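Here the structure comes first, spelled out in structure tokens, and everything after it is commentary.
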Amino acid sequence: MNLQSDWPEQNAGEPAGNRFARVWVDSHCHLQLVDEAPDTMLERAPQVSWLVVPGVDATSSQAALALARRFAGRVFAAAGLHPDQAERWPEERNRIAELVPQAIAVGETGLDFYRNLAPRHVQLTAFRDLLDLAIEFDKPVIVHCRDAFREVHEIIQHTGTGERVIMHCWSGGPHWARRFLDLGVTFSFAGPVLFGTDDMIRRGAALVPPDRAMVETDAPHLCPSHHREKPNDPANIGLVGAALALVWQMTCDEVAAATTDTAVRLFHG
Ligand SMILES: [Zn+2]
């Protein structure tokens, strides 16, 4: 099925407000880090109305901004430093700070105490500084959190940034979902809500109201299980949405509409 040509016809006669009900926002997609040409990937994902491309360091943040200029209105860029790269913060800091005002958000940033590729105190410094930049330039922040729920919660609470925080690739269960809901954060769900080995993430997701949720592919990472040997692709976004539809007992259309509204409010509000 060719969604691009089928959709307008399929929706003919529907009120204009419903026309894009099945359109998704991919809130986290590293389009600048994939091998394939970005135009090919975007063409293959007509159901993705727009997406956010986070940086993992200064160079990839700059590349994300270049894509945002090239695909204006369809691609939006965030500037940040991935916690795995946090040791580079002293030398990357100025370049990233210069990019933040041009970006739609700060990110990604956060803490990864699972891989621990950078010392924890270094990750903490970069994360705190990037949150300060987000406050200074009044931007939402895309937060990576792996095995560091307690620390991330404490820092968000302390900085009072909850309502501007997007917890990317949310992997917490009910306990942490409740605690982060109380902070006012928005949860971005990715592949693990679909292929998580137990029900923990889905039980957490059940507590998250759809107006506090977004969907993402995190492409090229986290490919849905049955094509896991391939790089992930924004065209797979509907699989994440379908998993949430099951969790929330909603239709995919309703999930698409709710998560798109959330993304519009967070990134363009
Ligand atoms: Zn990412």
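The values are calculated or read from the model by the stated rules, or taken from the named source; none is laboratory data. Quick caveat: nothing in here was measured; it's all calculated off a predicted structure. Because the Cβ atoms are built from the backbone with ideal geometry, glycine has one as well, and the counts that use them run over all protein chains shown.
Figures for the structure shown
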read-out: Filter result for the condition that a residue is touching a Gly at 6+ places or on another chain (Cβ under 9 Å) and either away from the ligand (no atom under 16 Å from the Cβ) or in contact (Cβ under 8 Å) with a residue 60 or more places away in the chain (or both), over G269, G238, G196, G204; value: G204
read-out: Residues located in the stretch 174-199, provided they are modelled with pLDDT under 95 and surrounded by fewer than 23 Cβ atoms within 10 Å (Cβ to Cβ); value: P192, L194, F195, G196, T197, D198, D199
read-out: Among residues of the stretch 156-173, those that are surrounded by fewer than 19 Cβ atoms within 10 Å (Cβ to Cβ) and either touching a residue at least 60 places away in the same chain (Cβ under 8 Å) or farther than 16 Å from L244 by Cβ (or both), counted; value: 6
read-out: Flag if T217 is within 16 Å of the ligand (Cβ to nearest atom), more than 26 Å from H121 (Cα to Cα), in contact (Cβ under 8 Å) with a residue 40 or more places away in the chain and buried (at least 24 other Cβ atoms within 10 Å of the Cβ); value: yes
read-out: Residue within the stretch 160-182 that is within 16 Å of the ligand (Cβ to nearest atom), under 18 Å from the mean Cα position of the chain (by Cα) and assigned to a helix (DSSP H, G or I) present; value: no
read-out: Selected residue (only one of E108, E151, E91 is within 16 Å of the ligand (Cβ to nearest atom) and among the charged types (D, E, K, R)); value: E108
read-out: Subset of the stretch 111-148 (residues that are more than 14 Å from the ligand (Cβ to nearest atom) and either of a type in the set (D, E, K, R) or on the phi > 0 side of the Ramachandran plot (or both)); value: N116, R120, R128, D129, D132, E136, D138, K139, D147
read-out: Condition check for L246: farther than 24 Å from L31 by Cβ and either over 15 Å from the mean Cα position of the chain (by Cα) or surrounded by 17 or more Cβ atoms within 10 Å (Cβ to Cβ) (or both); value: yes
